[in-house]
Each structure stands twice: as structure tokens, then as C-alpha cells.
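Coordinate-derived values only; no laboratory data. Bear in mind that the values here come from a model prediction, so they are computed numbers and not experimental data. Reconstructed Cβ throughout: ideal geometry from the backbone, glycine too, with neighbour counts over all protein chains shown.
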């Protein structure tokens, strides 16, 4: 997939371990096989994307097969709505678990973008055929109208940017947690667990064409799996020590899973 310069929008070409545009802007290729397209003047957060511990926990947990039903449904949805062999970008690809599977299902020209360099390193290890870039979902590193599909799985949704990179009639596939997703985990940790907010289905510039709900239950039979699940979620960094210790004492945990796959078509 052709990447574009985050400064001027011109296409980038590789020259050794550097990518350059016709206007002379250049960006380093990491030895871990991703290009850093984050601008140095971009706002910095306390945690700039998922850290190494979070990425490692998610990689181990997902590779254990607990979310395979969601992964398979996501790939089936992509295959139904996105033509095989098309260019697709995963906006917020993380460690590449879903990115890689969809690439193989579609034989897609697949790009993954994420602000976490630790996640991109893991994605490169998972699938060497991915084009990977350090970039935010609000500034995707591809030209206007260049993609047949955008994946947006458990990541911030930026409709205007997704519409920019999609072709007319292109497809956006979002994956979001449903209201009772990980209810068992939250009930074990918190005195007053809370439901997730219902997903917003209306997105400006897009028409909703499909909704698929994937529900189930899993039983985690080791403290390692319980810890990995907790660490890979946003709850870990928002939970006090006392509530974290409740989970650290468990040897087994049953929890509900609930995913919603929302498929949209870009309005012409």
C-alpha cells in the first residue's frame, strides 16, 4: 500500500531505511519494520498508546483463542463487504491480531496504523506482509480515496478521516464492546460494576448496512490468563490497588463476552 506524507500528503517512497516524499520530508523506517509517521509536534499524552506490558498481555490472551469467535465473525463480515485483494487500512491496529487475520481472509493490501510503537513491533512479528505505520486514527497515513475498507476495532472513531481515505462506496467496519462485555471480570473487581454504554450507530457521512452481535462466555482457568485479560483492558489503569488485588487472588474466572460489529458504507 502507498503511504502518504503526514506533512504535505504526497506519496512516500522508500530509500534504504528512510521514506521520502517529493517535497523532501523524510521519515525513518524502524528496524522492526514500521515507519514512524507521528509528527514531533503532535500532542503528547501521559501514556502514548499501549505500553509493552499491555501489548504482551493482549498478545498472549488473544493467541490463547478466547476471542476467536469475534475474530472469525469480523473476517466473515470483511469478506462479505470488501472485495478481495483490495487496499484496506486498520485504524488503531494494536498488535495486529485482527489485522493479520483479515488480511489473509481478503488477500488484502493491508496497512495497520497505531500510535503505540510496542504494538507495531508485535504486529510486525505476527505478520511480515503488513504495511505498518506509527500514526493516529485522526491522521491516517494514506492518500485520499485510496482504500476500499477501513477497520476500526476497539479504537477511537474518526468519521471525517475515515471518509477521506475511503473510495466512494467504501466500507467501514467497526468492532465495539456490547453492554455486558466482560461483566464477570468487572463484577469480580468492583463493588458496583457498570454496563458499557450502548454503541452509537449513527455516523455522519456513512450509512449503516449491517449489525452483527457476537456473544458468549469464557472460563479462564489460570491466574496468568485472568491477569492478561485485565491488563489488556483500559480498566487496569483506572482501577485502584485494592480492587486489582481481588483479581490477583482468583484462580478461575467466568465472564460474558459481547461484541458488536457495525458495517457502514460511505455515502457518495
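Judged by the mean number of other Cβ atoms found within 10 Å, the most tightly packed of the peptides 209-221, 108-120 leads the ranking 108-120, 209-221. Give the Rg/Rh ratio for the stretch 114-268, taking Rg as the radius of gyration of the Cα atoms and Rh as the Kirkwood radius, to two decimals. When Rh is taken as the Kirkwood radius, the ratio is 1.02. Per-residue Cβ neighbour counts within 10 Å put 208, 195 in the sequence 195, 208, beginning with the fewest.
Arrange the peptides 147-154, 83-90, 251-258 so that the one whose residues have, on average, the most other Cβ atoms within 10 Å appears first.
Packing proxy ranking, top to bottom: 147-154, 83-90, 251-258.
Rounded to two decimals, the Cα radius of gyration of the stretch 194-268 over 2.2 N^0.38 Å is 1.51.
Computed on the Cα trace of the stretch 58-176, the radius of gyration divided by the Kirkwood hydrodynamic radius gives Rg/Rh = 0.93. With r defined as the distance between the Cβ atoms of residue 76 and residue 219 and R0 fixed at 22 Å, what FRET efficiency is calculated, to the nearest 0.05? The computed FRET efficiency comes out at 0.30.
Taking a cut-off of 36 Å, what percent of all Cα-Cα pairs in the chain are separated by more than that?
Values: 5155 of 35778 pairs.
Tail fraction, whole percent: 14.
Rounded to the nearest 500, the helix-only mean residue ellipticity at 222 nm of the chain stands at -8500 deg cm²/dmol, with each DSSP H run of n ≥ 4 adding -39,500 (n - 2.57).
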